[in-house]
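A quick write-up on the structure given underneath.
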């Protein structure tokens with residue numbers, strides 16, 4: 001049974017993909033790159049901000065635009081910061097939680113079940129939205145895109161979150177095999193499975209088919225309790 005839970009953030013705790021899309025579009029227009037919501041869902045889900053902007057810059061150049069770029073890494077860092085500013089303004093007005101997730105977080109906190117966040121978002125984004133939702137005190141362990149060199153689908157994000165949880169709770173007997181990752185993208189599931197974790201997929205972002213590698217797939221966490229998880233993952 002799960003004796004720890006590691007939550008993805010975007011699409012699992014908050015319904016933030018539309019907010020990220022708006023911020024990406026505003027930032028992309030600064031170097032002549034524009035794209036639809038459908039393109040975002042098909043091409044960018046699972047990217048962290050750095051990889052997203054590397055892709056956008058490459059596409060802009062290939063499409064005939066010529067951004068004034070002396071160093072790609074510097075340009076990407078500047079775009080990430082510009083997007084952060086845009087996202088902060090959008091999130092302050094539009095942040096909404098995924099149904100059921102905050103209740104499950106509160107249940108785990110009350111039961112003293114170790115929980116963490118493993119996300120491709122930045123610390124700034126996560127901290128801001130947790131504060132808006134009033135849940136910042138629920139998480140001691142947050143592993144974000146700025147904590148790892150390679151974000152999801154690389155397993156480092158989940159592996160590091162698990163290792164930090166195990167260090168924080170040395171008497172809990174945590175193992176990857178008894179730790180549950182809750183995800184909404186195929187890239188996130190690949191990261192969690194690569195770290196050896198059990199997986200629960202939520203269809204908040206994409207179709208169930210895209211989450212086929214998860215141990216179980218559901219629509220959202222509304223009505224899901226710790227007892228429910230114990231029954232689902234008992235074996």
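The values are calculated or read from the model by the stated rules, or taken from the named source; none is laboratory data. Please read these numbers as outputs of a predicted model, since none were measured by experiment. When we count neighbours, we look across all protein chains shown, and the Cβ atoms used for this are built from the backbone with ideal geometry, even at glycine.
Here are a few things to note about the model shown:
- Given (1) free of Cβ contacts under 8 Å to residues at least 24 places away in the same chain; (2) under 18 Å from the mean Cα position of the chain (by Cα); (3) closer than 16 Å to residue 101 by Cβ, index of the condition residue 228 fails: (2)
- The set of residues in the range 209-223 that are closer than 18 Å to residue 103 by Cβ and in contact with a helix residue (DSSP H, G or I) (Cβ under 6 Å, 6 or more places away or on another chain) contains only 221.
- Per-region count, the range 127-140, residues more than 23 Å from residue 191 (Cα to Cα), outside any helix (DSSP H, G or I) and touching a helix residue (DSSP H, G or I) at 6+ places or on another chain (Cβ under 8 Å): 1
- Inspection of the range 75-83 finds a residue satisfying the criterion of being under 19 Å from the mean Cα position of the chain (by Cα) and surrounded by 17 or more Cβ atoms within 10 Å (Cβ to Cβ).
- One residue from 134, 120 being surrounded by fewer than 17 Cβ atoms within 10 Å (Cβ to Cβ) and in the same structural domain as residue 179 (by TED's automatic domain parsing): 134
- Screening 200, 211 for residues that are crowded, with 18+ Cβ neighbours inside 10 Å, over 16 Å from residue 9 (Cβ atoms) and modelled with pLDDT of 95 or more leaves exactly one candidate, 211.
- Conditions (1) within 25 Å of residue 186 (Cβ to Cβ); (2) at pLDDT 90 or above; (3) not assigned by TED's automatic domain parsing to the domain that holds residue 201; number of the one not met by residue 11: (3)
- Scope the range 14-52; condition without any contact (Cβ under 8 Å) to a residue 40 or more places away in the chain and either surrounded by 16 or more Cβ atoms within 10 Å (Cβ to Cβ) or within 12 Å of the chain's Cα centre (by Cα) (or both); matching residues: 21, 25, 28, 33, 35, 40, 44, 52
Every residue, every condition in (1) more than 25 Å from residue 99 (Cβ to Cβ); (2) in a loop (DSSP other than H, G, I, E, B), yes or no:
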site: 125; (1), (2): no, no
site: 142; (1), (2): no, no
site: 150; (1), (2): yes, yes
site: 166; (1), (2): yes, no
site: 174; (1), (2): yes, yes
site: 181; (1), (2): no, no
site: 191; (1), (2): no, no
site: 196; (1), (2): yes, yes
site: 207; (1), (2): no, yes
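- Residues of the range 84-116 satisfying the condition of being surrounded by 23 or more Cβ atoms within 10 Å (Cβ to Cβ) and within 24 Å of residue 53 (Cβ to Cβ): 87
- Taken across the range 61-75, residues that are under 28 Å from residue 189 (Cβ atoms) and not assigned by TED's automatic domain parsing to the domain that holds residue 211 do not occur at all.
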